[in-house]
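For reference, the structure is listed below as structure tokens.
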Amino acid sequence: MGLVSAIQSGTGQRALKAASFLIYLTAIVLVLPGFISWVHRLIFIGYGLFILWVIRDKSANNKSGDADPEIIPGKNFWTALLIFSLLYLFLGRLYMFIRYGASPLGYDTGFYWQYFRLIIINGNIGTAVGSHLTYSSWFPLGFLGLPALTVIHLLHVFHQLLTAGALYFLLRSLPLRKYSFPISVLGVFLFALSINQFMAFWWMFYKQLLAIPFLLLAMGLFFRRSIIAIPVAGLAAAIHLSSAIPLGLALIIFITIQLLICVAKRHLPEKEFIYLILAGLLGSILFIALKGTADIHYYLTLFLKYKGLATNARSWEIEQIRGLFIPFTTFRLNALFYLPFALIGILQLRRFIETRLTERTLLIPITFAASLILVSFPFIHQTRSLIFFDLLLIILAAAPIFHFIKNFRRERHGTVLLGLLCFGFVAFTSRVIWNHEPQLYAAEAAELRVLERQGTAEDLRKIDDYVMVVSSLYTPWAYAFTGFGPTIVPGWLTWDKWDLKMWEEFWFKANNDRRLQLLQMYGDHVIYIFIGEHQLKQVNTPRLKEFIETDPHFTRFSPHIWKYTPHLQDTDSPTNL
Amino acid sequence: MKKSQLKKISAIFALILIGLFLLFKTWLPDRGAFLLAIGMPFLYFLPGFLITKAFFRSGLDQIETIFLALLFSLMLSHLGIYIVEETTRQITRSGIAFTVIAINILAALTYLVSRKQLSPARLLTRLRSKLYKHD
């Protein structure tokens, strides 16, 4: 008896179900990070099993043929949920600006601010700034006089709304039977409440978060058999190549499997398959036409240099090569609410999405598998792949959540419990957003702005004075907020004269004379040293702090800035801001 | 489209424009804010809307249509400005205005071609009917 007939038989079906259950249980157990206590672990396993039971219960009823009448909320309910989700997304993203002022987001804002300045002043993107396509939308707004931070942040929030829209379109493009609308709305709801997506927004991954809606759009168009999928995918790859890697990998795997099937069965490829190859080729050609080979060369060099693994980088480079985003353990904790649903979604895909093995919808599980590999091992840009992976989890979780709601509402008090569950999810995400602090506080930004030169006699900072940060966390901020003047930062910009060993001596060693020697390498320049609030809270350089606070060469310029004067006789009296 | 529906859409559109104007007024003088608010639909909505209507005759709900319009417009504006910038190596305000106009015209032509409004046979039929009317 062949494998296929064994599977088709009742015994085979039961064996498959048992295997699926075992995989689910193992995944539920393994998904929690090691530091979680056994009590919490048991609660989560119970939660996972409960979800599986609720969803399985309905399918059992269907088989017996006496299924209860469906009690699904009406269209108005789903429309209201969609409006709520979009509003929550919009307000959740705006909230940081309302509470913390003009620059509440993460590290990369300062870099983009610098790029914006260069681009608008020069009137072209130039070779100094990579990824041409990303920045071209800054011109219309920048030329009319909108400030840099306003343009960058407005577009950043706008791209989030577009991602929600693209996700909705993608889910609507899947063969989800008559439940397409509510499932798509649930997808948007999950996206709006996803803490991982909020984190990606907060970290200011501008290019990646611009590429992602186009990737989702390309997938949606692909499922609808539209030829526009090709230019859209090419554009997304040209904006941020590393975001398109899971999809590219999935396409390669899909084509290879199809080819192997063709060879094994000795028949010519189907039309569908030829379309896929052509789509891949045309997308690649478009990508190269838009970007040139520079991006491919960059990633290839990076890949060869570290043999594909971030762990092969030098110790201080590992986090950067990994992608400077939350670790996989934190990601899993953030996604705990919908993780069991996503697991059920992938294990029982054929139950939720009408699909045959040869159809295009198979691209979703293959993309999921490719992404899972990329995020599970310390590959280059491992943590950045998490952002797209989270979206795949949301896509897979939406249909099981809908079936969960559908089945749960048939039970007594089910609606109340569902409401409580939903409220808990909203409250938890809101709490995370509420407690999330900016990297640079408005007061710190104001202190740095005092050092910006206006070219007048009243300028506090003279033309040859330096600004210094002793933690790379504040690098882009200090450089941008002080007006892009001479800034000494660890390992970046041309003004830094120290190597890592010298920086380590400056940060950690007990020898203050050596510190003064190092500062003397900058000659007779006055240096304004900025130490931010986060750095002051987690003092891992107590000797440096003590040195700055006690050495007579230093005076406190403002709460977070100390002024270093090379010659003691020139020391000014402290200025209170 | 019904008259009442048209009125409703116009009112929403006007409200959005006023909202944009008030938003931009935070950073810009009246003239700049007005120009930007008026330019926004041509930059971020209209071309994408026409492309969506050209390529998807049915099967889209209103929400999909709106988001596809925004996404395609963003894509076209990125590509258009990028091509002009790369060709001229120096982009100016007039260059951007030209690009936005060109994108909108191309999108409108695509829409008309897809609806067979620009086919010679259709144009001839229209001309003929008009001529007969005048007779």
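The values are calculated or read from the model by the stated rules, or taken from the named source; none is laboratory data. Because the structure is predicted, anything quoted here is derived from the model rather than measured. All Cβ positions, glycine included, derive from the backbone under ideal geometry; neighbour counts span all protein chains shown.
Contact annotation: residue pairs with Cβ atoms under 6 Å, 6 or more positions apart or on different chains, pairing a residue in the range B:8-33 that is under 19 Å from A:THR150 (Cα atoms) and more than 14 Å from chain A (Cβ to nearest Cβ) with a partner that is surrounded by 10 or more Cβ atoms within 10 Å (Cβ to Cβ) and not β-branched (Val, Ile, Thr), are B:LEU17/B:ALA37. Comparison of A:ALA233, A:ALA192 shows that the only residue that is within 13 Å of chain B (Cβ to nearest Cβ), part of a helix (DSSP H, G or I) and crowded, with 24+ Cβ neighbours inside 10 Å is A:ALA233.
When the residues of the range B:55-71 are filtered to those that are in a helix (DSSP H, G or I) and more than 8 Å from chain A (Cβ to nearest Cβ), the one that is surrounded by the fewest Cβ atoms within 10 Å (Cβ to Cβ) is B:GLN62. Residues in the range B:112-132 that are in contact (Cβ under 8 Å) with a residue 12 or more places away in the chain and either within 14 Å of chain A (Cβ to nearest Cβ) or not in a helix (DSSP H, G or I) (or both): B:SER114, B:ARG115. Restricted to the range B:9-34, and to residues that are crowded, with 17+ Cβ neighbours inside 10 Å and in a helix (DSSP H, G or I), which residue is nearest to the chain's Cα centre (by Cα)? Out of the qualifying residues, it is B:LEU20. Exactly one residue out of A:LEU290, A:LEU309 is of a type in the set (A, V, I, L, M, F, W, C) and surrounded by 18 or more Cβ atoms within 10 Å (Cβ to Cβ): that is A:LEU290.
Only one of these is within 12 Å of another protein chain (Cβ to nearest Cβ), without any contact (Cβ under 8 Å) to a residue 40 or more places away in the chain and surrounded by fewer than 16 Cβ atoms within 10 Å (Cβ to Cβ): B:THR52, B:THR88, B:THR99. Name it. Walk me through how you get there before you give the answer.
Working: B:THR52 fails: surrounded by fewer than 16 Cβ atoms within 10 Å (Cβ to Cβ); B:THR99 fails: surrounded by fewer than 16 Cβ atoms within 10 Å (Cβ to Cβ).
On inspection, the qualifying residue turns out to be B:THR88.
In the range A:123-162, of all residues being in contact with a Pro (Cβ under 9 Å, 6 or more places away or on another chain) and within 7 Å of chain B (Cβ to nearest Cβ), the one that is modelled with the highest pLDDT corresponds to A:LEU162.
Determine if the range A:243-266 includes at least one residue that is within 13 Å of chain B (Cβ to nearest Cβ), assigned to a helix (DSSP H, G or I) and free of Cβ contacts under 8 Å to residues at least 60 places away in the same chain. No. Looking at A:THR415, A:THR429, just one residue is hydroxyl-bearing (Ser, Thr, Tyr), on the phi < 0 side of the Ramachandran plot and in contact (Cβ under 8 Å) with a residue 60 or more places away in the chain, and that residue is A:THR429.
When you look at A:ILE321, is it β-branched (Val, Ile, Thr), assigned by TED's automatic domain parsing to the domain that holds A:THR109 and surrounded by 16 or more Cβ atoms within 10 Å (Cβ to Cβ), yes or no? Here the answer is yes, as A:ILE321 does meet what is asked.
Please verify whether the range A:96-103 includes one or more residues that are closer than 23 Å to A:PRO476 by Cα, in contact with a Phe, Trp or Tyr (Cβ under 8 Å, 6 or more places away or on another chain), among the charged types (D, E, K, R) and more than 12 Å from every other protein chain (Cβ to nearest Cβ). Within the range A:96-103, none of the residues are closer than 23 Å to A:PRO476 by Cα, in contact with a Phe, Trp or Tyr (Cβ under 8 Å, 6 or more places away or on another chain), among the charged types (D, E, K, R) and more than 12 Å from every other protein chain (Cβ to nearest Cβ).
So, A:GLY165, is that one more than 20 Å from the chain's Cα centre (by Cα) and at the interface with chain B (Cβ under 8 Å from one of its Cβ atoms) or not? Give the steps one after another, and end with the answer.
Numbers: more than 20 Å from the chain's Cα centre (by Cα): no; at the interface with chain B (Cβ under 8 Å from one of its Cβ atoms): yes.
No: the conditions fail for A:GLY165.
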